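Participant: Starting off with a structure, shown below.
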Amino acid sequence: MVALFTPCCTSHLLHKFTQSLDFTGFMLIVQKYGGTSVGSVERIVSVAQRVSQAAKAGNSIVVVVSAMGKTTDGLVKLAAEISKNPCRREMDMLLSTGEQVSIALVSMALQELGQPAISLTGAQVGIVTEAEHTRARILHIQTERIKKHLEEGKVVVVAGFQGISSSNALEITTLGRGGSDTSAVAIAAALQADYCEIYTDVPGILTTDPRLVPEAQLISEITCDEMLELASLGAKVLHPRAVEIARNYGMPLVVRSSWTDDPGTWVTSSQNKERSLINLEIARPVDNVQYDTDQAKVALLRVPDKPGVAASLFGEIARQDVDVDLIIQSIHEGNTNDIAFTVFTPVLPKAEAVAAAIAPVLGSHKSNQAEEAEVMVQQNIAKVSIAGAGMIGRPGVAAKMFATLAAASVNIQMISTSEIKVSCVISAQECDRAVAALKEAFELDTPTPPTPPIPLTPPIPPTPVRGVALDINQARLAIRQVQDRPGTAGKLFGLLADHNISVDMIIQSQRCHIVNGVPMRDIAFTVARIDAEAAQKMLQAKAAEYGWGEVALDQAIAKVSIVGAGMVGQPGVAAKMFAALAQHHINIQMIATSEIKISCVVTQEEGVKALQVIHAAFGLAGSEKFIVPV
Ligand code: ADP
Ligand code: ASP
Ligand code: MG
């Protein structure tokens with residue numbers, strides 16, 4: 001794996017903030033309390049005590065709260081009893097009421113303790129969002145009213161998760177489920193707070209979800225890049241958009257338990273960046289274009305679709321000390337599938353030798369010669385990537401990249417996506433053209449440095465894997481027989497983007513069938529399960545027009561991922577993950593990697609088991625067990 005090292009918030013900052021947790025300073029702090037933290041009257045009183053203690057120590061405190069307990073789920077259920085497909089405006093009207101209850105109660109509890117306080121809805125603050133009901137992004141936050149009340153010595157208690165479409169329309173909007181974290185960090189950025197605390201029902205960010213693995217361990221510090229991946233891959237402890245804002249504005253963020261005084265987990269980012277507070281969540285989606293022309297691809301075609309295959313291949317590659325960059329495994333065709341990976345050109349001969357030695361072993365059960373695994377090597381390829389935290393949840397960004405490459409007549413051979421980066425493997429001859437077209441399309445005029453080579457000594461030496469996440473809310477779509485020519489990915493993902501459907505794990509098969517002289521490949525990708533049927537219908541309706549084959553949908557999948565910036569230049573990480581799955585006879589249906597994550601799709605029923613065995617394989621389990629409060 002190759003990764004760019006992101007400089008962290010320096011340790012003196014951490015020291016300063018850790019010290020400040022005993023509330024000796026005079027700081028502006030935004031504290032966010034999640035649903036369980038305000039789930040009952042007792043909890044609200046306990047939260048009020050914590051807030052008032054911080055205020056009495058001389059700090060200015062803005063509190064952002066979620067709805068009590070499972071209130072929002074209850075409201076969603078109520079709506080479902082009335083309508084199968086409720087109007088999104090009315091959903092916002094309904095769901096935003098949950099937070100209005102808790103801000104009033106928290107404010108009352110503070111007043112009861114003698115602490116002046118005032119509650120404000122999103123509209124009263126002036127949290128202005130896009131006019132996109134149920135998934136609005138924050139455009140800007142008016143800070144005057146909050147500041148005025150802070151100057152009066154009040155704690156300001158703001159409703160999370162909600163905003164208003166514009167000062168004129170006064171339409172209530174919500175930010176999407178789990179959005180109170182995003183409200184809190186956005187308010188902290190707008191107020192230029194000293195830091196933002198996210199109080200929840202776990203002691204901080206753990207190596208995985210303690211509800212599934214009670215031996216999960218606390219991580220004391222994690223970079224925004226790593227957390228962005230974890231959050232978007234299923235770790236619901238933080239809303240990915242909140243991490244994005246913290247990263248963009250260099251806002252120090254800490255996740256802590258509202259039950260204890262333990263220090264929690266710091267989410268670190270680069271030093272504070274000057275960035276406009278206008279269009280807070282929708283400013284430039286892409287920060288830079290990167291490229292690397294020193295890559296080569298090795299593909300194994302027709303390897304058996306059974307547990308252990310990826311583990312033996314990458315196990316052998318790791319034993320030869322070869323570091324692989326991107327890995328993809330496409331969905332099966334018959335009872336075989338294709339695995340492809342990229343390496344730095346100088347190690348290609350070694351990688352190719354391993355693949356060539358292992359291919360006959362993998363395919364040896366076949367009597368049919370034509371069915372044997374085959375090794376394909378390609379040199380002179382380049383990886384070109386667009387990167388930027390602003391692309392999260394914006395499917396149009398990847399689609400625009402693919403369309404831009406198509407317009408420049410660049411064919412895409414492999415695609416790798418992560419929340420904050422899309423990389424395409426293309427021919428090296430086309431790299432300059434591709435970079436120029438992308439810079440123009442995304443309006444980036446700064447010179448593009450080539451991706452730095454793998455450092456000899458990785459900058460982050462400790463554990464390569466920081467966390468493991470499980471996402472059981474994804475479904476897989478596969479389109480068989482898609483034409484392999486420039487423009488195909490652009491069209492397909494443009495269509496999905498037009499319907500606001502975000503796509504993850506895009507994989508094209510390496511195998512190519514020639515139909516009427518046109519090369520055809522399969523393409524598979526995952527989408528959120530709630531979007532899956534609509535996406536399938538929409539794509540089926542277009543299939544004839546675009547000459548696609550079957551559009552297949554599999555809802556019963558789970559995606560399990562490992563994340564860690566320490567994968568940099570450490571051969572063997574992927575092999576260890578695959579081996580853990582193989583030992584437990586769990587078949588890998590798809591593999592996709594980015595620089596700091598590896599994701600595997602397995603069957604839904606094996607998801608939790610897969611998470612547990614991978615967590616154990618990387619030695620992440622601690623001796624203590626976490627019990628999450630009910
Ligand atoms: P809140 O209501 O405070 O926003 P959430 O339920 O949204 O809380 O998020 C906290 C939950 O996230 C935890 O109870 C835990 O089950 C889950 N979780 C998933 N992955 C992780 C992880 N890596 N670390 C900590 N918690 C996690
Ligand atoms: N109450 C909202 C939800 O349950 C927002 C949040 O809690 O973050 O999704
Ligand atoms: Mg939450």
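The values are calculated or read from the model by the stated rules, or taken from the named source; none is laboratory data. Note that the structure is a prediction, hence the values are computed from the model and not measured. Positions of Cβ are backbone-derived with ideal geometry, glycine not excepted, and every protein chain shown enters the neighbour counts. Please note that ligands, DNA and RNA were not included when accessible areas were found on the heavy atoms of the full protein model with its side chains. Shrake-Rupley method; radii C 1.70, N 1.55, O 1.52, S 1.80 Å.
Participant: From the list Arg529, Arg521, which residue is over 27 Å from Gly607 (Cα atoms) and of a type outside the set (Asp, Glu)?
Facilitator: On inspection, the qualifying residue turns out to be Arg521.
Participant: Quick check on my filter: what residues within region 559-586 are aliphatic (A, V, I, L, M) and over 23 Å from Ile222 (Cβ atoms)?
Facilitator: Within region 559-586, Ala575, Ala579, Leu581, Ala582, Ile586 qualify.
Participant: Note down all Cβ pairs under 6 Å where the first residue falls in region 482-505 and is open to solvent by less than 20 Å² (accessible area, probe 1.4 Å), the second is in a loop (DSSP other than H, G, I, E, B), and they're at least six residues apart or on different chains.
Facilitator: Listed by first residue and then by second, the contacts come to Val482/Trp548; Ala489/Ile412.
Participant: Taking Ala235 as meeting all but one of (1) within 10 Å of ligand 1 (Cβ to nearest atom); (2) of a type in the set (Gly, Ala, Ser); (3) over 19 Å from Arg177 (Cα atoms), write down the number of the exception.
Facilitator: For Ala235, the exception is condition (3).
Participant: I would also like to ask the following. Filter region 189-235 down to the residues that are under 12 Å from Val30 (Cα atoms) and within 16 Å of ligand 3 (Cβ to nearest atom) and list them by number.
Facilitator: Once the filter is applied, which keeps residues that are under 12 Å from Val30 (Cα atoms) and within 16 Å of ligand 3 (Cβ to nearest atom), region 189-235 yields Cys196, Glu197, Ile198, Tyr199.
Participant: So, one more: Can we say Ala184 is assigned to a loop (DSSP other than H, G, I, E, B), hydrophobic (A, V, I, L, M, F, W, C) and open to solvent by less than 20 Å² (accessible area, probe 1.4 Å)?
Facilitator: It is false that Ala184 is assigned to a loop (DSSP other than H, G, I, E, B), hydrophobic (A, V, I, L, M, F, W, C) and open to solvent by less than 20 Å² (accessible area, probe 1.4 Å).
Participant: Across region 261-294, what is the number of residues that are in contact (Cβ under 8 Å) with a residue 24 or more places away in the chain and surrounded by fewer than 21 Cβ atoms within 10 Å (Cβ to Cβ)?
Facilitator: Total satisfying the criteria: 19.
Participant: Separate question: Which one is most open to solvent (accessible area, probe 1.4 Å), of the residues in region 217-260 that are among the acidic types (Asp, Glu) and farther than 21 Å from Val560 by Cβ?
Facilitator: Filtering region 217-260 for residues that are among the acidic types (Asp, Glu) and farther than 21 Å from Val560 by Cβ, the one most open to solvent (accessible area, probe 1.4 Å) comes out as Glu221.
Participant: Here is a follow-up. If you take just the strands (runs of 3 or more DSSP E) that sit entirely in region 317-410, which of them hold at least 2 residues that are farther than 22 Å from Glu229 by Cβ and open to solvent by less than 20 Å² (accessible area, probe 1.4 Å)?
Facilitator: Per the criteria, 336-344, 374-387.
Participant: Report yes if Gly98 is open to solvent by less than 40 Å² (accessible area, probe 1.4 Å), within 16 Å of ligand 3 (Cβ to nearest atom) and in a loop (DSSP other than H, G, I, E, B), otherwise no.
Facilitator: Criteria not met by Gly98.
Participant: A further question on this structure: In the list Val41, Val51, Val62, which residue meets the criterion of being open to solvent by 30 Å² or more (accessible area, probe 1.4 Å), among the β-branched types (Val, Ile, Thr) and either within 16 Å of ligand 3 (Cβ to nearest atom) or at pLDDT 95 or above (or both)?
Facilitator: Val41
Participant: Could you please let me know if Val286 is of a type in the set (Val, Ile, Thr), touching a strand residue (DSSP E or B) at 6+ places or on another chain (Cβ under 9 Å), outside any strand (DSSP E or B) and within 14 Å of ligand 3 (Cβ to nearest atom)?
Facilitator: No, not satisfied.
Participant: So which of Thr173, Thr143 is more than 16 Å from ligand 3 (Cβ to nearest atom), surrounded by fewer than 21 Cβ atoms within 10 Å (Cβ to Cβ) and of a type in the set (Ser, Thr, Tyr)?
Facilitator: Of Thr173, Thr143, the one residue that is more than 16 Å from ligand 3 (Cβ to nearest atom), surrounded by fewer than 21 Cβ atoms within 10 Å (Cβ to Cβ) and of a type in the set (Ser, Thr, Tyr) is Thr143.
Participant: Also, quick follow-up: For region 599-613, which residues satisfy the criterion of being outside any helix (DSSP H, G or I) and either touching a Phe, Trp or Tyr at 6+ places or on another chain (Cβ under 9 Å) or polar (S, T, N, Q) (or both)?
Facilitator: Matches in region 599-613: Ser599, Cys600, Thr603.
Participant: For residues that are part of a helix (DSSP H, G or I) and closer than 22 Å to Arg433 by Cα, tally how many sit in region 474-495.
Facilitator: 6
Participant: Please go through region 326-375 and pick out each residue that is among the basic types (Lys, Arg) and either under 29 Å from Val422 (Cα atoms) or modelled with pLDDT of 90 or more (or both).
Facilitator: Lys350
Participant: Looking at (1) aliphatic (A, V, I, L, M); (2) buried (at least 18 other Cβ atoms within 10 Å of the Cβ); (3) within 28 Å of Trp259 (Cα to Cα), which is the one condition that is false for Ile614?
Facilitator: With (1) aliphatic (A, V, I, L, M); (2) buried (at least 18 other Cβ atoms within 10 Å of the Cβ); (3) within 28 Å of Trp259 (Cα to Cα) applied to Ile614, the lone miss is (3).
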